[in-house]
Amino acid sequence: IRTQTNHPSTKTNMASKVAKLVFIPAPGMGHIMSTVEIAKLLVNRDQRVVITVLVIKPPSSRSGSAFETYIESLAKSNMDHISFIQLPQDETPSVDPKAPVSMFSHFIPSHCKYVRNVVADMMSEPGSGRVAGFVIDMFCTCMVDVANEFNVPTYMFFTSNATFLGFKFYIQTLCDDLNQDIIELSSSDTEILVPSFVKPLPTKAFWSLVQTPEGLDFVLRSVRKLREVKAIMVNTFLELETHAMESLWLDSQPPSSVVFLCFGSMGSFDEAQVKEIARGLEQSGHRFLWSLRRPPLDQESRVPGEYEDPSVVLPEGFMERTRGIGKVIGWAPQVAVLAHLAVGGFVSHCGWNSLLESLWFGVPSATWPMYAEQQMNAFQMVVELGLAVEIKLDYRKDAFTPKANNTVGVVTAAEIERGIRQVMENNEVRAKVKEMSAKCRSAVVEGGSSYASIGCLIEDFVRNVS
């Protein structure tokens, strides 16, 4: 989640094109000071960058002499290519001193109208050109909607660290995808594995904002909005937070270079098969992201769990040998991963939802069916339609099928390697999947087949009540 510029840095080259940025820091000393410093860094690096900082003053109940003095110093400052505008403030800002979350949920959003007015004025100035982007604070995600109104991309300056950013993303995963009660979890005396931390994180160390319903609601809304920004600038450096930055790993990989392995909500393998998958991946030489789940501890639950340390079931030295090339994780947000430009192939259990998602994003699949109708789905995709490649078509590990009819066995590293190479290197299949992806998207817009079918269905509903 670091961004790179495509032009050489220079302090003297004043190109005809100017990148006008609108910075919106949160009203706190630590936030505005670090925002001003990153603004200085950008304009000193390249004078094609021009920045306007919109200052939100804290409510009177929160303002302090240090903040006021700093704001006054900014107003008097004369920085090249950086200007400051203090935003108006509602006469009676709705901030409850006893409820800190109201600052983020009510007070900051109350300034959206003032930001909208300032930006409209900026764009209406003769010869001013368009704004190249909003750069918002981690607590100002409400401003994404304002940027969208002007058809301007939003970037975030995350004033905290990459490990904490990973924690925020994982809180959303726990709530939205795993239905975890975060309030209950934060009050328990336990530890959990968070991808951005190397060691288990004690729940008693959780961010205080996620320990109340109001705070948690704000955090979830802001993280969902955070996923809409074009890029995130994190206030850190790679050597300090190597593990955390690598946990946000896909963003640093080349386009279509990563094969993603994910086997659905019930997909897991025993240790022997895990080792074969690892060997196949390593032998393929391709970059990978592998969602590895622990088999259920009992026959009744049938739901896979998470490994505290996946290296216990992987070949010795595998994690070290593939460092920087691949990443082994637990549960994965499948749609978000498939949507990522770095993902070029998908080793799938062939659940129909998963196959549709892969087609939507134009990612070819390598089939490894496990249960239900997935074997027929695999046959359809590989043989009937030519939209996937085969690892196995007849593999079956179905808890609802008599054991005599299951054909588990062990899929060898050679078979896995061959399937991975095909899904990543077969240009004919890749082209067909890209073509089908375009058809997928056309089907759901006005004039498309699915759009028309829904229209017919609605008409039928209406006729029923006529």
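When both bridge partners sit in the chain, DSSP labels roughly 10% of those beta bridges antiparallel. In the chain, Cα pairs under 8 Å separated by at least six residues give a relative contact order of 11 percent. Less than 5 angstrom separates the built amide H of F84 from those of V53, all sequence-distant by 5 or more or on a different chain.
Computed across the chain, the Kirkwood radius stands at 25.3 Å (inverse of mean 1/r, all Cα pairs). Ellipticity at 222 nm from helices only: DSSP H runs of n ≥ 4 in the chain, each -39500 (n - 2.57), divided by the residue count, give -11000 deg cm²/dmol. Within the accessible surface of the chain, defined with a 1.4 Å probe on protein heavy atoms only, the carbon and sulfur portion equals 53 percent. Taking the longest Cα principal axis of the chain as reference, the axis of helix 112-124 is set at about 80 degrees. Proximity of backbone amide H atoms, modeled 1.01 Å from N, is registered between F260 and L289, G344, G345, F346, V347 at under 5 Å, excluding neighbours fewer than 5 places apart on the same chain.
The residues of the range 223-338 present an accessible area of 49 Å² per residue when probed at 1.4 Å with all protein chains retained. Amide H contacts under 5 Å for V194: L201, restricted to partners 5 or more places along the chain or on a different chain, H placed in the peptide plane at 1.01 Å from N. Phi angles across the range 374-390 convert, under the Karplus curve 6.51 cos²θ - 1.76 cosθ + 1.60 with θ = phi - 60°, into 3J(HN,Hα) values of 5, 5, 5, 4, 5, 4, 4, 5, 7, 8, 5, 10, x, 9, 8, 10, 9 Hz, Gly and Pro given as x.
A simple rule links phi to the HN-Hα coupling: the Karplus curve 6.51 cos²θ - 1.76 cosθ + 1.60 with θ = phi - 60°, which for the range 202-211 gives x, 5, 5, 9, 4, 3, 4, 5, 8, 9 Hz, with x for Gly and Pro.
The values are calculated or read from the model by the stated rules, or taken from the named source; none is laboratory data. In this text, all values refer to a predicted model and were calculated from it rather than measured experimentally. What goes into the accessible areas is simple: the full protein's heavy atoms, side chains included, and nothing from ligands, DNA or RNA. Shrake-Rupley method; radii C 1.70, N 1.55, O 1.52, S 1.80 Å.
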